4 protein chains.
Amino acid sequence: MSQYRVLIDANDEKGLVHKISTVFYKNDLNILTNSEFVDKDSNKFFMRSVVDGDIELDRLHKSISDAIPNSANIEVIAPKNKNIVIMATKEMHALGDILIRHEAGELEANILAVISNYNDLESLVDRFNIPFVYISHEGLNRAEHEQKIIDYLSTFKDIDYIVLAKYMRILTPGFVERYENKIINIHHSFLPAFIGANPYKQAYDRGVKIIGATSHFVNNNLDEGPIIAQEVIHVNHAYGWRDMQRSGKDVEKVVLSRALKLALEDRIFVFANKTVIF
Amino acid sequence: MSQYRVLIDANDEKGLVHKISTVFYKNDLNILTNSEFVDKDSNKFFMRSVVDGDIELDRLHKSISDAIPNSANIEVIAPKNKNIVIMATKEMHALGDILIRHEAGELEANILAVISNYNDLESLVDRFNIPFVYISHEGLNRAEHEQKIIDYLSTFKDIDYIVLAKYMRILTPGFVERYENKIINIHHSFLPAFIGANPYKQAYDRGVKIIGATSHFVNNNLDEGPIIAQEVIHVNHAYGWRDMQRSGKDVEKVVLSRALKLALEDRIFVFANKTVIF
Amino acid sequence: MSQYRVLIDANDEKGLVHKISTVFYKNDLNILTNSEFVDKDSNKFFMRSVVDGDIELDRLHKSISDAIPNSANIEVIAPKNKNIVIMATKEMHALGDILIRHEAGELEANILAVISNYNDLESLVDRFNIPFVYISHEGLNRAEHEQKIIDYLSTFKDIDYIVLAKYMRILTPGFVERYENKIINIHHSFLPAFIGANPYKQAYDRGVKIIGATSHFVNNNLDEGPIIAQEVIHVNHAYGWRDMQRSGKDVEKVVLSRALKLALEDRIFVFANKTVIF
Amino acid sequence: MSQYRVLIDANDEKGLVHKISTVFYKNDLNILTNSEFVDKDSNKFFMRSVVDGDIELDRLHKSISDAIPNSANIEVIAPKNKNIVIMATKEMHALGDILIRHEAGELEANILAVISNYNDLESLVDRFNIPFVYISHEGLNRAEHEQKIIDYLSTFKDIDYIVLAKYMRILTPGFVERYENKIINIHHSFLPAFIGANPYKQAYDRGVKIIGATSHFVNNNLDEGPIIAQEVIHVNHAYGWRDMQRSGKDVEKVVLSRALKLALEDRIFVFANKTVIF
């Protein structure tokens, strides 16, 4: 008996659910959970099913492909730990939360390495028996620095996600394209408010009563990639911007870990710069 | 072209989705939304689909019944305004919120009447051209009072829901049974905390930092029916119990209206003293 | 025995609390609540006290002025209903919420009138025995239309607040200046995200997972006045922009009513395009 | 220049603020923040001020005592790291969150030791160079087990707080009395709902739509001590009780860390089985 996650997106047409569920039925599969969504604007159909039964992965994939041949994206995934690399700079809270969750067995992930442009976090990472890779940007231009990172990343044959756990440098288009929809960032504001540098200072100056954090896939427009998760907390006039920053950390780490968990469990479709999440 | 809401609950077995979606496909129906859930503990399957197409309601019902004959509950509903009666006592906020939503066209409902054991709310209700029925409990025992209410309710041939908008009297088992899973109450606490009288006073005495409200179907155990919706707000030491009561009203009305809306849109299954909500 | 709200803002200096509390003590006043805040950036001191005792308002004001003579703003207010005018367009939810709260006695306010550039809301307002004033903008330029509104407003000798309950027209600088920090608006987004027209459409297009509403005083930069209150709700991919709009109404009305209540209870200081709220 | 936190609770009477602020003024102290509250039911006055200036701690304490001699509790505290001991059992999330915060310098605390009745967490604690003390309860009755813990705790000359980070054993009255208002627990429910064992199972069986966590000081009635902080998250029918438990962990750790922070910053008064928090 094997368990599979089946992810399908396709142009919507009558009978898709019928055809797919017929494949499940003919192959004697149990449907454990099943979620569907049709985006009316674009006529796109999204479906995520978790099934179990006695069938090979490839055979299940082929059966579905045969049933709905037209331009559908079909993924059949046998759940296993995904390979992730974390990039950080100096702040500990987001990275620390992931390390503890990983240690507690909460994440379906192998952490291949933590890369940082500073060495402040080395001592922490070392304790978790995870390789810490210090790649300083000093004296290098952006492209040179990233090339070093890419060289290191290239030593792994398979990276599912790169998690930017408060990595405080902007990535080049080249880097981003290489890992399309694989880089998960945490932005320390309730996007699209306060794009760019020091959002807490911006929020303080604006006198907002709520601050937030946003986790999103990275694309080539700064802080404009598809949003995965957002959360907020209330603040008041007594919060200086450093107080907002301090309180904001608690939201940042929660949101990043939530987004990472959704990704690891294959719950996210990216579509039209948005996400569909089951 | 007609639109239908199809609600099915049944013992789970392989092929249910296949069989049902085959009915939709054979009848050339569009699936607008589709939600499914299997309760593993009890092996129960729940499904709510919204479909449109060119078919009679009875015929669609029969097609589904024929496809899944075993002990399934199948409802096929053509969306239309449901008939509701509101019961209240003296407080205006929950009733007022429903009246305004009704006036604004937000609710799929006809309000047949507002019944109260006091006449404080008569002036308000009158303005909305809704019958206000004053049935005082004075000088009557509980059964006599309820009989008067039942007599009045019996003048309507069809009542879908009775909404207790801060109706401050306990209903007898006889009354409750007569309208099983049709009476929606708002309890002014985060159930199951603070069952019974004056929950805000109880919450204040306990020194809680959050208060809430719970909307639920009424059954014969006070405040123990299936929960439909809950919401909370933060409070602090500066809140006396009357402050909690005042602030609580904002949550009560929101939660009751939310629960009512879910009921009117046929989104609620009741099961094992719980609700499944799509 | 009289109760007063004392509001003081001043440049901060040592001894302010001492001097003010000495005035309270010498005049044998009870302090019911007392809140203070110092904005470090600007060295501004804010204080709101509620006191009761046997003293004339003018005499209390003079005693405080004598004690802290340097450029302080001192307000001593005997609580009473404030005079408000509501401006609306076509949507009922925010206006309706205020009308019901007013009817329930929740607001320290007299509603002098509801002004609208359409007559859709006339029937509702009439039922509450509040003057509905229809001032159409058709065939008028912005200045001409506003002049008609100003002419009407001028018939009242005292207006404390103008509440824009989804009034969908932009006010001119002249109008705004005339009622500085007296116009309370509800913007249907979590400002400063989605400034301007149709924020729900903007939010939908951006694929946010949270939407919100912001109540603020109006100044001459669209949607950029001092923020009084904000609230949010979670949404997901299944929300079209009209669903966001529908759900957003529940947040809008709550936030506007909350801001109005804060204003009516003299809890808001405006300062540096922000608010200090006690 | 020294900074002090001044905490005062006393029977309320006219002139308290005057007398205390006069002390601050005469001693040329800056008031950085100042919070007051009067509990009307019990006529109790609470005040927390942060002041700085050129004065010895003892002298400031004496000056305040002299100014308000009647039965006031006066604490003058020079901020410094407090000594805490953490007790845990097997779960990592709450302990891990505190360890990371401590490592990041977020907590005003020295962690003297982590005590556990199992050794599962030893490896984690060791990495942070904090003593892990394994005191198994096997083969011991409750009193004997606690005596061993007390013996160990007695090796420290000063313990400010004992943090129960999911310590899954009930403490005896004797233990609790010894550390009155010094033991901070996290209960994995929204108290007072679901007191006792396996609250997530209880919550699941009841079909709630919100779950929560409560941090409180421990007293001799199980889960009935003064509440410090509470937080909730929404759940739905798709959550089995283990899903609630998993999701609940994120709330538990946030709430416990928040309560601990409030305690470390001397922001909590305990009074009538409640807390006043500034």
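Going residue by residue through the range D:46-64, is there one that turns out to be under 23 Å from D:Phe269 (Cα atoms), among the polar types (S, T, N, Q) and touching a residue at least 12 places away in the same chain (Cβ under 8 Å)?
The answer is yes; a qualifying residue exists.
In the range A:21-46, what count of residues is obtained for those that are outside any strand (DSSP E or B) and among the acidic types (Asp, Glu)?
So the count comes out to 2.
Residue check: is C:Ala272 in contact (Cβ under 8 Å) with a residue 24 or more places away in the chain and within 26 Å of C:Leu7 (Cβ to Cβ)?
Considered against the rule, which asks whether it is in contact (Cβ under 8 Å) with a residue 24 or more places away in the chain and within 26 Å of C:Leu7 (Cβ to Cβ), C:Ala272 comes out as yes.
Checking A:Ala238 against (1) surrounded by 17 or more Cβ atoms within 10 Å (Cβ to Cβ); (2) of a type outside the set (S, T, N, Q); (3) in a loop (DSSP other than H, G, I, E, B); (4) within 10 Å of chain C (Cβ to nearest Cβ), which single condition isn't satisfied?
(1)
Could we say that A:Asn81 is away from chain D (no Cβ under 14 Å) and under 30 Å from A:Asn117 (Cα atoms) here?
yes
For the subset of the range D:20-53 comprising residues that are under 28 Å from B:Asp243 (Cα atoms) and in contact with a Leu (Cβ under 9 Å, 6 or more places away or on another chain), which member is nearest to the other protein chains (Cβ to nearest Cβ)?
So the residue we want is D:Glu36.
Could you tell me whether the range C:219-232 includes any residue that is farther than 23 Å from C:Asp266 by Cβ and at pLDDT 90 or above?
yes
Given the criteria farther than 24 Å from A:Arg258 by Cβ, of a type in the set (A, V, I, L, M, F, W, C), within 14 Å of chain A (Cβ to nearest Cβ) and in a loop (DSSP other than H, G, I, E, B), does C:Ile228 qualify?
Judged against the criteria, C:Ile228 is not a match.
Of the residues B:Leu99, B:Leu60, which single one is within 12 Å of chain C (Cβ to nearest Cβ), assigned to a helix (DSSP H, G or I) and surrounded by 18 or more Cβ atoms within 10 Å (Cβ to Cβ)?
B:Leu99
Mind listing just one residue for me: the one in the range C:157-216 that is hydrophobic (A, V, I, L, M, F, W, C) and at pLDDT below 90 and, of those, surrounded by the fewest Cβ atoms within 10 Å (Cβ to Cβ)?
Looking at the filtered set, the residue picked out is C:Ala197.
Residue by residue through the range B:107-128, note down the ones that are in a loop (DSSP other than H, G, I, E, B), touching a residue at least 24 places away in the same chain (Cβ under 8 Å) and closer than 16 Å to B:Ala88 by Cα.
Those that are in a loop (DSSP other than H, G, I, E, B), touching a residue at least 24 places away in the same chain (Cβ under 8 Å) and closer than 16 Å to B:Ala88 by Cα: B:Asn117, B:Tyr118, B:Asp120, B:Leu121, B:Phe128.
Pick from the range D:129-141 the residues that are in a loop (DSSP other than H, G, I, E, B) and in contact with a strand residue (DSSP E or B) (Cβ under 7 Å, 6 or more places away or on another chain): which of them is farthest from A:Arg127 (Cα to Cα)?
D:Ile135
Across the range C:257-273, what is the number of residues that are outside any loop (DSSP other than H, G, I, E, B) and open to solvent by 40 Å² or more (accessible area, probe 1.4 Å)?
Count: 4.
Which residue is farthest from A:Lys82 (Cα to Cα), if the candidates are limited to the range A:186-217 and must be touching a His at 6+ places or on another chain (Cβ under 6 Å) and in contact (Cβ under 8 Å) with a residue 24 or more places away in the chain?
Filtering first and then ranking leaves A:Ile210.
Restricting attention to the range A:118-169, which residues are basic (Lys, Arg) and either under 20 Å from the mean Cα position of the chain (by Cα) or on the phi > 0 side of the Ramachandran plot (or both)?
A:Lys157, A:Lys166, A:Arg169 - these are the residues of the range A:118-169 that are basic (Lys, Arg) and either under 20 Å from the mean Cα position of the chain (by Cα) or on the phi > 0 side of the Ramachandran plot (or both).
Could you figure out which of (1) without any contact (Cβ under 8 Å) to a residue 60 or more places away in the chain; (2) exposed (fewer than 14 other Cβ atoms within 10 Å of the Cβ) isn't true of B:Ser21?
Only one criterion in (1) without any contact (Cβ under 8 Å) to a residue 60 or more places away in the chain; (2) exposed (fewer than 14 other Cβ atoms within 10 Å of the Cβ) is unmet by B:Ser21, namely (2).
Taking the conditions exactly as written (open to solvent by 30 Å² or more (accessible area, probe 1.4 Å), farther than 28 Å from B:Leu95 by Cβ and assigned by TED's automatic domain parsing to the domain that holds C:Asn185), does C:Ala104 satisfy them or not?
Judged against the criteria, C:Ala104 is not a match.
So for the range D:241-250 (the condition being open to solvent by 10 Å² or more (accessible area, probe 1.4 Å), more than 11 Å from chain B (Cβ to nearest Cβ) and over 30 Å from B:Ser42 (Cα atoms)), does at least one residue qualify?
Within the range D:241-250, not a single residue is open to solvent by 10 Å² or more (accessible area, probe 1.4 Å), more than 11 Å from chain B (Cβ to nearest Cβ) and over 30 Å from B:Ser42 (Cα atoms).
The values are calculated or read from the model by the stated rules, or taken from the named source; none is laboratory data. The shown structure was predicted, so the numbers you read here are calculated from the model rather than taken from an experiment. Cβ: placed from backbone, ideal geometry, glycine included. Neighbour counts: every protein chain shown. Heads up: the accessible areas ignore ligands, DNA and RNA and are worked out on the full protein's heavy atoms, side chains in. Shrake-Rupley method; radii C 1.70, N 1.55, O 1.52, S 1.80 Å.
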